[in-house]
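These notes concern the structure reproduced below.
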Amino acid sequence: MDSRNILDLAYTHVTGESEFIDDRLKFPNELVVDFVYSPVARGKIKKIDFKDALQVDGVVGIYTHKDIHHNAWGGVVADQPILAATEVNYIGEPVVVVAAENILSAKKAKKLIKIEIETSETEGESKILDIDTAIKNNYFLGSPQKIETGDVDAVLKTSPHTFKGVFENGGQEHFYFETQSTVAYLKDGDNGGVLELHSSSQHPTEVQHVVAHALGLKQHQVVCIVKRMGGGFGGKEAQASHYAALAALVAYKSGRPARLVLGRDDDMKITGKRHAFKSFYEVGFDEKGKILALKVQMYSNGGAYLDLSGAILQRALFHIDNAYYIPNARIEGKIARTNLPPNTAFRGFGGPQGVAIIENIIEEIAMKLSKNPLDIRKINLYGLDQGKNDVTIYGQTVKNNMLHTLIRDIEESSEYKKRFKEACDFNKAVKDKIKNKQKVDFKLRGISLMPVKFGISFTATFLNQGNALVNVYTDGSIQVSTGATEMGQSVYTKIRGVVSDVFGIDYNLIRVMPTSTEKNPNTSPTAASSGADINCSAAFNAASMIKERLSDFVLMKYAKLSREELQSNAAKNKWTVEFENGEVCCFNNENNNENDSDSKNDIKKIKFTDLVKEAYFARINLGAQAFYKTPEIYFDPLTAKGQPFLYFTQGAAVSEVEIDGYTGNTKILRTDILMDLGKSLNEKIDKGQVAGAYLQGVGWVTTEELRYSDKGALLTHSPTTYKIPNIQDTPRIFNIDLITNDQNTVNIYGSKAVGEPPFLLGISVWTAIKWAINNFNLNANNLNLKIPATAEDILLAL
């Protein structure tokens with residue numbers, strides 16, 4: 001598909017005309033929703049007193065768990081209270097909701113609410129804030145997980161080389177521009193009432209379900225609408241439902257519009273993050289660096305409640321191999337329960353944590369064998385032995401394997417070998433000057449070429465479904481409604497592009513409507529990089545249904561086929577109906593010479609707009625609702641084997657860094673990225689997604705460090721203390737390209753998903769840093785560099 005004009009969306013964003021939740025018109029009787037949350041990480045609620053708060057002028061209502069019909073929710077398991085009732089388990093857990101006519105009244109009331117919480121320092125009852133303490137206290141969430149293949153223990157015993165290690169990665173703040181926000185309206189009160197929620201959510205159906213369940217309503221009494229989000233990155237997949245329920249509670253109880261918009265600091269303090277992991281591993285390998293066996297025990301920091309931690313841990317296990325064949329493996333995982341906000345989905349959904357572990361191991365193997373890490377990566381790639389080593393540890397064959405092509409091409413285009421040697425020479429020269437006590441500009445350089453293989457599909461098979469509604473109007477314009485939510489990734493643009501191609505009409509005649517559970521029921525979240533795959537496919541199916549009706553109408557009107565002949569393939573196959581350039585053409589194949597346009601003797605042409613009008617008067621249905629489910633995927637949790645992914649998006653990156661030896665600061669000199677996105681739906685959008693995902697990954701592995709107090713309070717809760725990448729953190733030279741791959745026939749138009757996979761390529765900056773320090777060789781011991789590799793960590797390593 002040709003690139004589409006995306007300036008229509010960009011213009012309104014840049015000028016501030018795009019409407020987000022808090023831009024919605026405020027009604028005169030609208031209420032401000034705020035809440036009092038727990039100031040301690042763990043404790044028992046003894047008493048809640050809000051008598052004085054009720055007397056504040058402008059306060060309309062104060063609500064506790066007693067006002068909620070069903071006080072439990074969760075992304076998978078309903079283990080989390082909407083409002084804490086008897087105990088609190090993290091700082092920021094909502095306890096009391098305040099509804100007021102203005103912000104000042106709400107804030108004044110909050111100060112007057114007294115919550116008595118009993119805390120304990122007794123072991124087993126005191127707060128737990130880190131993975132190590134959770135392990136010590138056997139404090140876990142969910143069930144342990146394991147994937148195993150081959151005979152790990154036996155092969156480890158006979159491997160020429162083995163070593164053990166521990167690898168840690170930190171969490172990451174989503175830092176979406178628009179905080180958690182919902183406006184709730186109670187409508188049609190004389191007919192039982194319908195709650196209409198406008199929410200900044202990636203999962204409107206879950207908002208609908210959670211709110212209905214909490215208030216004792218049926219799902220048909222709740223409508224959730226999402227026009228767009230100011231960013232999501234996974235942070236609004238599950239957790240938006242919690243805050244939507246608080247706004248809905250006020251609207252339902254008061255009968256008045258209710259608005260809840262978190263402030264930036266509170267949003268950062270009380271919402272979940274990317275999961276921190278601590279993993280213990282043992283690896284066996286031969287003299288060439290080929291991995292023979294791998295044993296890993298992962299522990300993720302789940303926070304206080306389960307949320308989506310089980311699925312995130314599972315994807316981490318699935319991605320421990322990254323791009324490498326591992327014949328013998330035992331990968332196990334547990335979710336540590338801690339008294340921090342429940343951690344949740346974040347771009348990559350556990351995949352980055354799994355890939356980071358194996359890439360760290362690759363770097364360690366290279367260091368121990370004194371080899372270039374790229375050589376270790378190449379020798380372990382999937383597909384080296386003519387199909388014998390192309391099966392993952394969970395039993396899925398890696399089809400359409402482009403890893404070798406990607407590495408070959410980017411190694412050449414980036415001049416990797418030349419630059420690798422230059423980095424070695426650069427570091428040696430600096431080291432020699434230090435050794436000889438000469439004046440030196442203490443800098444060192446690192447370079448790394450790293451591939452990625454990322455599975456596309458929800459690992460929960462039932463989520464791989466979607467539906468779309470397409471309405472064609474009599475002037476030729478079209479409305480499309482799907483379950484996809486727009487959060488800046490331009491999925492609406494891709495949907496418009498697909499529908500315009502089906503009908504062969506101008507892209508600007510198509511409008512994608514705000515996502516609504518009223519039009520598209522039982523939708524899946526826009527997540528797992530599958531938003532375009534599922535919803536473009538559903539829209540394609542719906543548009544194709546209408547196109548087939550119009551084609552039959554054309555054949556009846558112009559080719560004079562009877563209804564009986566339309567049922568016959570033999571009769572229909574004599575004719576071709578084409579939709580292109582705003583026209584519909586019908587011609588007889590038998591009289592058509594493809595090389596001579598003048599020979600189309602029986603050609604009939606009609607403008608699409610005219611055809612639609614004629615079809616309407618002929619009582620042809622110009623609307624269609626269609627369904628799509630991802631084919632060929634399955635997974636057996638009992639055997640931990642199956643095909644959980646429809647396909648793999650693949651890519652490779654070369655990142656070169658320069659490190660200041662006096663400060664530890666890292667500068668990215670150059671990045672080259674080469675992606676396999678099949679036949680891109682929209683190259684401009686996809687390249688933008690690659691750049692943004694990569695830089696967000698760079699932030700995770702370098703500067704974005706979450707710091708907590710010894711009481712469990714987040715200290716880095718603003719842009720002044722939490723550093724996301726800025727313009728100075730982008731590569732000085734930044735090259736992004738896509739390879740040609742028309743073999744991914746299982747997905748819409750042969751495309752591949754792009755949202756998450758490039759995030760993992762940001763890890764190449766971390767591996768470049770680690771290699772630079774190892775190459776510089778100032779530290780004789782093993783370098784246990786964690787993620788993020790902050791300036792302080794690098795300085796200490798040097």
Identify the single condition in (1) farther than 22 Å from ARG315 by Cα; (2) in contact with a Phe, Trp or Tyr (Cβ under 8 Å, 6 or more places away or on another chain); (3) of a type in the set (A, V, I, L, M, F, W, C); (4) not assigned by TED's automatic domain parsing to the domain that holds ALA539 that ILE478 does not satisfy, given that it satisfies every other one. (4)
Being assigned to a helix (DSSP H, G or I) and modelled with pLDDT under 95 is the requirement here; does LYS437 meet it? no
State all residues of the range 350-403 that are over 29 Å from GLN172 (Cα atoms), open to solvent by 10 Å² or more (accessible area, probe 1.4 Å) and assigned to a helix (DSSP H, G or I); if no residue qualifies, say none. LYS368, LEU369, ASP375, LYS378, ILE379
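Residues are listed down the side, and each one gets a yes or a no for (1) in contact with a helix residue (DSSP H, G or I) (Cβ under 9 Å, 6 or more places away or on another chain); (2) closer than 20 Å to ILE361 by Cβ; (3) open to solvent by 10 Å² or more (accessible area, probe 1.4 Å):
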{"site": "HIS275", "(1), (2), (3)": "yes, yes, no"}
{"site": "SER279", "(1), (2), (3)": "yes, yes, no"}
{"site": "VAL283", "(1), (2), (3)": "yes, yes, no"}
{"site": "GLU287", "(1), (2), (3)": "yes, yes, yes"}
{"site": "ILE291", "(1), (2), (3)": "yes, yes, no"}
{"site": "ALA304", "(1), (2), (3)": "no, no, no"}
{"site": "SER309", "(1), (2), (3)": "no, no, no"}
{"site": "ILE312", "(1), (2), (3)": "yes, no, no"}
{"site": "ARG315", "(1), (2), (3)": "yes, yes, no"}
Which residue is farthest from GLY333 (Cα to Cα), if the candidates are limited to the range 155-164 and must be open to solvent by 70 Å² or more (accessible area, probe 1.4 Å) and part of a helix (DSSP H, G or I)? THR158
Just give me the residues in the range 730-787 being of a type in the set (D, E, K, R) and either under 24 Å from PRO352 (Cβ atoms) or surrounded by 24 or more Cβ atoms within 10 Å (Cβ to Cβ) (or both), in sequence order. ASP737, LYS752, GLU756, LYS770, LYS786
Considering only residues of the range 100-130 that are among the hydroxyl-bearing types (Ser, Thr, Tyr) and assigned to a loop (DSSP other than H, G, I, E, B), which is nearest to ALA53 (Cα to Cα)? THR119
Need the failing condition index for THR721 against (1) touching a helix residue (DSSP H, G or I) at 6+ places or on another chain (Cβ under 8 Å); (2) part of a loop (DSSP other than H, G, I, E, B), just the number. (1)
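Let's see how each residue does on (1) more than 30 Å from LYS629 (Cβ to Cβ); (2) part of a strand (DSSP E or B); (3) under 26 Å from the mean Cα position of the chain (by Cα):
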residue: GLU411; (1), (2), (3): yes, no, no
residue: CYS424; (1), (2), (3): yes, no, no
residue: ASP441; (1), (2), (3): yes, no, no
residue: ILE447; (1), (2), (3): yes, yes, no
residue: PHE454; (1), (2), (3): no, yes, yes
residue: GLN479; (1), (2), (3): no, yes, no
Which of the residues that make up the range 180-214 are crowded, with 24+ Cβ neighbours inside 10 Å and assigned to a loop (DSSP other than H, G, I, E, B)? GLN180, SER200, SER201, GLN202, HIS203
Which of the following residues is in contact (Cβ under 8 Å) with a residue 12 or more places away in the chain, among the aromatic types (Phe, Trp, Tyr) and open to solvent by 50 Å² or more (accessible area, probe 1.4 Å): PHE177, PHE167? PHE177
Restricting to the range 131-154, name every residue that is part of a loop (DSSP other than H, G, I, E, B), open to solvent by 50 Å² or more (accessible area, probe 1.4 Å) and either within 18 Å of GLY310 (Cα to Cα) or at pLDDT below 95 (or both). ASN138
Tell me the residue from LEU217, LEU249 that is farther than 28 Å from HIS275 by Cα and open to solvent by less than 10 Å² (accessible area, probe 1.4 Å), please. LEU249
Mind counting the residues in the range 21-63 that are polar (S, T, N, Q) and either buried (at least 20 other Cβ atoms within 10 Å of the Cβ) or assigned to a strand (DSSP E or B) (or both)? 1
Looking at this structure, is GLU564 surrounded by fewer than 16 Cβ atoms within 10 Å (Cβ to Cβ), of a type outside the set (Ser, Thr, Tyr), touching a residue at least 24 places away in the same chain (Cβ under 8 Å) and out of contact with any Lys or Arg (no Cβ under 9 Å at 6 or more places or on another chain)? no
When you check GLN643 against the structure, is it polar (S, T, N, Q), surrounded by fewer than 24 Cβ atoms within 10 Å (Cβ to Cβ), at pLDDT 95 or above and closer than 26 Å to LYS494 by Cβ, yes or no? yes
With the structure loaded, tell me whether ALA78 is assigned to a helix (DSSP H, G or I), open to solvent by less than 90 Å² (accessible area, probe 1.4 Å) and either in contact (Cβ under 8 Å) with a residue 40 or more places away in the chain or not hydroxyl-bearing (Ser, Thr, Tyr) (or both) or whether it fails that test. no
Can you find even one residue in the range 415-422 that is under 26 Å from MET367 (Cα atoms) and in contact (Cβ under 8 Å) with a residue 60 or more places away in the chain? yes
Scanning the range 498-530 for residues that are open to solvent by 10 Å² or more (accessible area, probe 1.4 Å) and in a helix (DSSP H, G or I), which turns out farthest from LEU197 (Cα to Cα)? ASP501
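Matching residues to (1) at pLDDT 95 or above; (2) closer than 25 Å to ALA527 by Cα:
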residue: PHE346; (1), (2): yes, yes
residue: GLY351; (1), (2): yes, yes
residue: ASN360; (1), (2): yes, no
residue: GLU363; (1), (2): yes, no
residue: PRO373; (1), (2): yes, no
residue: LYS378; (1), (2): yes, no
residue: TYR382; (1), (2): yes, no
residue: GLN386; (1), (2): no, no
residue: ILE393; (1), (2): yes, yes
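The values are calculated or read from the model by the stated rules, or taken from the named source; none is laboratory data. Not measured: the values here are computed from a predicted model. Note that we place each Cβ from the backbone using ideal geometry, even for glycine, and neighbour counts take in every protein chain shown. Heavy atoms of the whole protein, side chains included, go into the accessibility calculation; ligands, DNA and RNA do not. Shrake-Rupley method; radii C 1.70, N 1.55, O 1.52, S 1.80 Å.
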